[in-house]
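The values are calculated or read from the model by the stated rules, or taken from the named source; none is laboratory data. Because the structure is predicted, anything quoted here is derived from the model rather than measured. Reconstructed Cβ throughout: ideal geometry from the backbone, glycine too, with neighbour counts over all protein chains shown. Heavy atoms of the whole protein, side chains included, go into the accessibility calculation; ligands, DNA and RNA do not. Shrake-Rupley method; radii C 1.70, N 1.55, O 1.52, S 1.80 Å.
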Amino acid sequence: MDSSDRIANPWGPRTPYAPGSPWPVRTDMHLAEGITEEDVERWAQSASVLHSNGDAMDIAVRGGRIVGVRGRAVDRVNRGRLGPKDLYGWQANHAPDRLTRPLVRENGRLVETDWDTAMARVVSRTRHLLDERGPGAVGFYTSGQLFLEEYYTLAVLAHAGIGTSHLDGNTRLCTATAAEALKESFGSDGQPGSYEDVDHADTIALFGHNVAETQTVLWMRMLDRLEGADPPRLVCVDPRSTPVARRADVHLAPRPGTNVALLNALLHEIIRTGRTDRAYIEAHTVGFDELASRVERCTPAWAAGICDVPAAQIERAAEILGDARRLLSTVLQGVYQSHQASAAAVQVNNLHLVRGMLGRPGCGLLQMNGQPTAQNTRECGADGDLPGFRNWQNDQHVAELARIWNVEPDRIPHHGPPTHAMQIFRYAEQGSLGMLWITGTNPAVSLPELARIRSILAQERLFVVVQDLFLTETAQLADVVLPAATWGEKTGTFTNTDRTVHLSEKAVEPPGEARPDLDIFLDFAARMDFRDKDGGPLIGWHDPEGAFAAWQRCSAGRPCDYTGLSHDRLRGGSGIQWPCTEEAPDGTARLHSDGFAHAHPDVCESYGKDLVTGATVTPVEYRSLNPDGKAVIKAAEYLPPHEDTSPDHPLQLITGRTVYHFHTRTKTGRVPELNAAAPDVWAEISPAEAAAQGLSDGDLVQVITPRGAIRARLRTTAVRDGVVFVPFHYGYWDTPAGFRPADDVPGRAANETTVTDWDPVSKQPLYKTAAARLTLVSRRDAPRSGTVDGSDGTAGSGA
Ligand SMILES: Nc1nc2c(c(=O)[nH]1)N[C@H]1C(S)=C(S)[C@@H](COP(=O)(O)OP(=O)(O)OC[C@H]3O[C@@H](n4cnc5c(=O)[nH]c(N)nc54)[C@H](O)[C@@H]3O)O[C@H]1N2
Ligand SMILES: Nc1nc2c(c(=O)[nH]1)N[C@H]1C(S)=C(S)[C@@H](COP(=O)(O)OP(=O)(O)OC[C@H]3O[C@@H](n4cnc5c(=O)[nH]c(N)nc54)[C@H](O)[C@@H]3O)O[C@H]1N2
Ligand SMILES: [Mo]
């Protein structure tokens, strides 16, 4: 098909299908101009790294360069389909401004150097800090975008090599709440559901998840069901009129930050009307009575007052959810990036538990991931948790890990919870952290309250290492910059939202001296000479296959068991869902089909937390609550957002995504089609809100919060009155200055305005509730770039 169509219509043509039948194949392809399939010399197997869906594709190679991509029809995830970022995004690999040599700071400026010099600086600073101040002075902040082999190597290096507990990923900003909600309810991380549940569901509910723009291929699957025979009913909870909302049978548009009130009312109705599965609750869960009493007074009328959603709509949604026979729910950032993130996400788990809707075709639950490899950050322990979903409070688990690594258990920090990213930056601010090694993330654009983050990273006393493809806003503040190879230039595996593991093969050489992250970590480990307790090398592998084999040993017997997989097994066919073992050689479609073994006190990854305060439950308490390992139904009371509106800041600010860009745009901003589709930041409010404020479409405005201000063009869309939405993608690397100008001039990155605050349970920052006001800078007819409105409206939210 004509590739330009996929900017105007990101989802392509429909292939409708009926419940229970397989999703038809549709093979999408995009090749560079002038290239035909016959011109392609070689295809390298891979999957997308620009979202969590895991769209399988082959990379077209000609003359040592990537010249396009084609969806893999054999793959269970996408059956050949690709989204707009998948189709065009590969062009970023060959951007002219890729980093090709290491950089070190000399007299205040970053200058090119060789690998030996750069690595020697990193090693000497690490040794110095370990000698002078101990492992607590060294921190690592990684990504949801490297490969499994890289995370596992980094986790071993940090946990048992350095011995620091200051290791986390940007997964903290992304899906820490997914992991937490799964631990709270089911004892361990691991998605219960499967994408095949879309094929069987009679009802699909999306909670704070704009799937149409953020997992376009998953939305194609839902659209094909909606246009086939016997379509599912669709429930959408989102304050904006997203493409999902516009297709929904019921769209609930609550005030931002009120998910718990809404969910408690839905549970109230389902319990009141007897739409629960008593036998399932009895056999498989603990905690139901507490939930029933907690939500007893949470009537739709009560929630209507908090959420500003008509009570009748809440009742209607409860009826649909309560009558579903095969319910699939998804949850994402509209829930996770709120002040009661974990409490709300757990209520969606409860909805499935009280209705007995788990572990059967169509009865799916996806606490969605966002980033392509976030699942691997979590399972490998590069988010600070112990590898293999092991429990830091369980001495047996620590001892087992120590055996696998052949070290003394004491060498693995486990005397308290791992340090979360926001706390790592706090330690850097206070000075107790002397070195921060940042890999595959751009915190100078993606963390909240950017003026603060910039000042932390710019400190003389903090040694900052940045490993990236480009001289990002963050790299510009580093002491050492290491040029990394990326997707298409290195081999490894990664796991999507529904636990499907894909192999991604090296297609082309990286530019210049750029090296795979795995090689950089292995080089560091070798130079540091980390040893096990018998004097052998702590890290004994040298390549991706060796790292994968080591990880398999670590995963054996745990919920994320990879022992039945290998790079070879993943070559040629479809991706495979973990756990994959000798007993389940083709992988496992759904977890919890026969009970909740992962929740057993001896097995569970966590004993859980108080959903309101975040206080950890002790092993003794957990054992008495859940001795046999059942699912835990946990109730939570609603609390209002921490920062509410005021006369000074009368609007609620929410931030998020557009279909055309990925995060801080280091890749998508360098792709002509995607950049042209949405070249600059904007702010959305409702037409009524605009009228009330004397503003109109296209006006240049400032969005102001107590932290800072940005400048953006106004778009009027069907968002709730009283809410302003800003996409968070736009940093400074492609502005005329190339970096953030002065802190006292309004910028354009949404995070200039967001708040340093987090969910007490998952520690995920709050990007979706802050108070703001708008002021007019200039009217639309004042000179403007003309392209600032971005998309033509077909795909853009609220168009
Ligand atoms: N195109 C594109 N796709 C991506 C990404 C990208 O950058 N661009 N990033 C990937 C990553 S890492 C992630 S984490 C995912 C994120 O994927 P999503 O979570 O789908 O994306 P967001 O736009 O962050 O937020 C989703 C919705 O939450 C709504 N929302 C805001 N406040 C509330 C609230 O209080 N309650 C409810 N119920 N909803 C609310 C917003 O209006 C928004 O439509 O996308 C992945 N896919
Ligand atoms: N206001 C607001 N802020 C948000 C969010 C929001 O909704 N609103 N969402 C949050 C979420 S969910 C997320 S996931 C984060 C994302 O925030 P970031 O992680 O900061 O965003 P990216 O732009 O994806 O940064 C990834 C970096 O890794 C580099 N990279 C890519 N591949 C490789 C590789 O193979 N190796 C190495 N070494 N580097 C590589 C890229 O060039 C890029 O600089 O933002 C968070 N921030
Ligand atoms: Mo994310």
* Asked: In nm, what is the difference between 0.36 nm times the number of residues separating Ala73 and Asp249 and their Cα-Cα distance?
  -> 60.2 nm
* region 311-363-region 371-429 distance, computed between alpha-carbon centres (Å) -> 30 Å
* **Candidate lysines - alpha carbon under 26 Å from Lys763, same-chain residues fewer than 8 apart omitted** => Lys183, Lys609, Lys630, Lys634
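Determine the shape class of region 339-473: with a ≥ b ≥ c the square roots of the Cα gyration tensor eigenvalues, call it rounded for a/c under 1.5, and otherwise prolate if a/b is greater than b/c, oblate otherwise.
oblate
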* Structure fact -> Net charge near Val632 (other residues with Cβ under 15 Å of its Cβ; Lys, Arg +1; Asp, Glu -1) is -4
* Structure fact -> By accessible area (1.4 Å), largest first, Lys630, Lys506 order as Lys506, Lys630
* **Neighbour net charge for Gly669 - beta-carbon separation under 13 angstrom, K R +1, D E -1** => 0
* To do: Quote to one decimal, in nm, the extra length available between Leu625 and His567 on full extension: 0.36 nm per residue of separation minus the C-alpha distance between them.
  => 16.8 nm
* Asked: For region 290-427, what % of the accessible area comes from carbon and sulfur atoms, probe 1.4 Å?
  -> 45 percent
* Filter the GluC sites (Glu not before Pro) in region 1-110 down to the DSSP loop ones having no more than 15 other Cβ atoms within 10 Å, then list what survives. => Glu33, Glu41
* **Ala8/Glu33 FRET efficiency (R0 30 Å; Cβ-Cβ; nearest 0.05)** => 0.95
* Could you tell me what percent of the DSSP beta bridges with both partners in the chain are antiparallel, to the nearest 5? => 50 percent
* Structure fact -> Computed over the chain, the relative contact order (Cα-Cα under 8 Å, seq sep at least six) in percent reads 19 percent
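Per-residue counts of other Cβ atoms within 10 Å, averaged by peptide: what ranking do you get for 294-301, 134-141, 336-343, highest first?
Result, highest mean Cβ count within 10 Å first: 336-343, 134-141, 294-301.
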* Structure fact -> With a 1.4 angstrom probe the carbon and sulfur portion of accessible area for region 139-221, in percent, totals 39 percent
* How much length is gained if the chain between Phe739 and Arg452 is pulled fully straight, taking 0.36 nm per residue apart and subtracting their Cα-Cα distance, in nm to one decimal? -> 101.8 nm
* lysines within cross-link reach of Lys490: Cα-Cα under 21 Å, excluding same-chain residues under 8 positions apart? -> Lys85, Lys506, Lys667
* Asked: Using the membrane-span-like helix rule (whole DSSP H runs, Cα extent along the own axis of at least 24 Å, mean Kyte-Doolittle hydropathy at least -1.0), which helices of the chain qualify?
  -> 115-132
* To do: Could you list the GluC sites (Glu not before Pro) in region 159-252 that lie in coil according to DSSP, counting only those with at most 16 other Cβ atoms within 10 Å of their Cβ?
  => Glu227
* So in region 651-797, what percent of DSSP beta bridges are antiparallel if you round to the nearest 5? -> 60 percent
* **the chain, dipole about Cα centre (Lys/Arg Cβ +1, Asp/Glu Cβ -1), debye to the nearest 20** => 860 debye
* Sum of -39500 (n - 2.57) over DSSP H runs of 4+, divided by residues of the chain (222 nm, nearest 500) -> -7500 deg cm²/dmol
* If you add up the charges near Ala485, with Lys and Arg at +1 and Asp and Glu at -1, over every other residue whose beta carbon is less than 12 angstrom from its beta carbon, what do you get? -> -3
* Taking a probe of 1.4 angstrom, what is the accessible area of Cys580 in Å², to the nearest 10? -> 0 Å²
* Farthest toward positive dipole pole in the chain [+1 Lys/Arg, -1 Asp/Glu at C-beta], among Ser124, Ala312, Leu154 -> Ala312
* Asked: Taking the Cα centre of the chain as the origin and placing charges on Cβ (Lys, Arg +1; Asp, Glu -1), which of Trp541, Val354, Pro736 is farthest toward the positive end of the dipole?
  -> Pro736
* Cα gyration tensor category, rounded, prolate or oblate, for region 1-97 with a/c compared to 1.5 -> prolate
* To do: Would you mind getting the accessible area per residue of region 1-97, heavy atoms of the protein chains only, 1.4 Å probe, in Å²?
  => 36 Å²
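Can you send over the carbon and sulfur percentage of the accessible area for region 651-797, probe radius 1.4 Å, protein chains only?
Numbers: 2590 of 4740 Å².
Roughly 55 percent of what the probe reaches on region 651-797 is carbon or sulfur.
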